[in-house]
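Read-outs: derived from the displayed coordinates by stated rules, not from any lab. This structure is a prediction, so every number in the text was calculated from the model and none was measured. Glycine gets a Cβ as well: all are built from the backbone with ideal geometry, and neighbour counts include every protein chain shown.
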Amino acid sequence: MNTEIEVCIDNLESLHNALSGGANRIELCSSLALGGLTPSLGMMKQAARISSVPVYAMIRPRQGDFIFDDDDMFCMLEDIEACASSGLDGVVLGVLAPNGSIDMPKMHKLANKAHSLELGITFHRAIDQSSDYQTALEQVITLGCKRVLTSGLAANAEQGIDILSDMVKQADGRIDIMAGAGVNATNAKMIQNTTQVPALHLSGKSTRPSLMENNSSAQMGNSDIDDYQVPVTDANKISDIKVALTA
């Protein structure tokens, strides 16, 4: 099986690195430290210019849960249009109701907008917070999504292997199950062989030192974040997974 490797990034330096490492698809975000938020319009446009592989943009207007009100929905619908006008290939999204079920009325609005603009859809890890993943998977399929990103409802994909396997069997080729969270070169082949997922998702995260020549004690954000370390995707972590999968 040829396993797709999707790399999630939140800066354009990481896009270059992900492509260099052999990524098959990009999930474009801002703020990966918050689980990924919607990228800016400028970032969408430049990613479309740079990338030689499909780019899907995260549509998530804020951090926190996946319960979105009417203001959030307005933003999400506008951001889906921005993805299309920027030349991207798809969107990554998900909306839940307070009881943990998929909010189908809102998902239909978002999915219909994406389909009308010929954008592919990935349903993201909101499914890992759902109250009934088997029902949720069937609903995601009816929405016309191309794939669902999931850790198998666990803290990471390795711990979620049993449910990932169940999802692949239930999907039966109707939708791709993409395993994400904690995927690396050490466990990628085991996860793929055990579950038969057709796609793996990771950030390949690392850091590089800031190019600033002078340091300051001023903090731009939380005190536990080092402004002089820049998070970037490591191209070698992506290429190492591709090698591991063929070993």
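Within this structure, Asp103 passes the test of being over 19 Å from the mean Cα position of the chain (by Cα), buried (at least 16 other Cβ atoms within 10 Å of the Cβ) and at negative phi. Kindly establish whether Asp69 is farther than 14 Å from Ala114 by Cβ, of a type in the set (D, E, K, R) and without any contact (Cβ under 8 Å) to a residue 12 or more places away in the chain. So Asp69 fits the description; yes. Residues of the range 120-134 that are more than 13 Å from Leu96 (Cα to Cα) and either surrounded by fewer than 23 Cβ atoms within 10 Å (Cβ to Cβ) or basic (Lys, Arg) (or both): Gly120, Gln134.
Here are the criteria: (1) exposed (fewer than 15 other Cβ atoms within 10 Å of the Cβ); (2) within 16 Å of Leu202 (Cβ to Cβ). Tell me which single one Leu34 does not satisfy. If we test Leu34 against (1) exposed (fewer than 15 other Cβ atoms within 10 Å of the Cβ); (2) within 16 Å of Leu202 (Cβ to Cβ), just (2) comes out false.
Residues being hydroxyl-bearing (Ser, Thr, Tyr), touching a Pro at 6+ places or on another chain (Cβ under 6 Å), surrounded by fewer than 20 Cβ atoms within 10 Å (Cβ to Cβ) and touching a residue at least 24 places away in the same chain (Cβ under 8 Å) are represented in the range 205-220 by at least one member.
The numbered conditions (1) in contact with a helix residue (DSSP H, G or I) (Cβ under 6 Å, 6 or more places away or on another chain); (2) surrounded by fewer than 17 Cβ atoms within 10 Å (Cβ to Cβ); (3) under 17 Å from Lys146 (Cβ atoms) are all true for Ile175 except (2). Of all residues in the range 135-165, exactly one satisfies the criterion of being charged (D, E, K, R), more than 22 Å from Arg60 (Cβ to Cβ) and crowded, with 17+ Cβ neighbours inside 10 Å, namely Glu158.
Check whether at least one residue in the range 224-235 is on the phi < 0 side of the Ramachandran plot, under 18 Å from the mean Cα position of the chain (by Cα), surrounded by 19 or more Cβ atoms within 10 Å (Cβ to Cβ) and polar (S, T, N, Q), and report yes or no. Yes, that holds for at least one residue.
The condition of being surrounded by fewer than 16 Cβ atoms within 10 Å (Cβ to Cβ) and either closer than 17 Å to Ile9 by Cβ or out of contact with any helix residue (DSSP H, G or I) (no Cβ under 6 Å at 6 or more places or on another chain) (or both) holds for only one of Ser86, Ser51, Ser116, that being Ser116.
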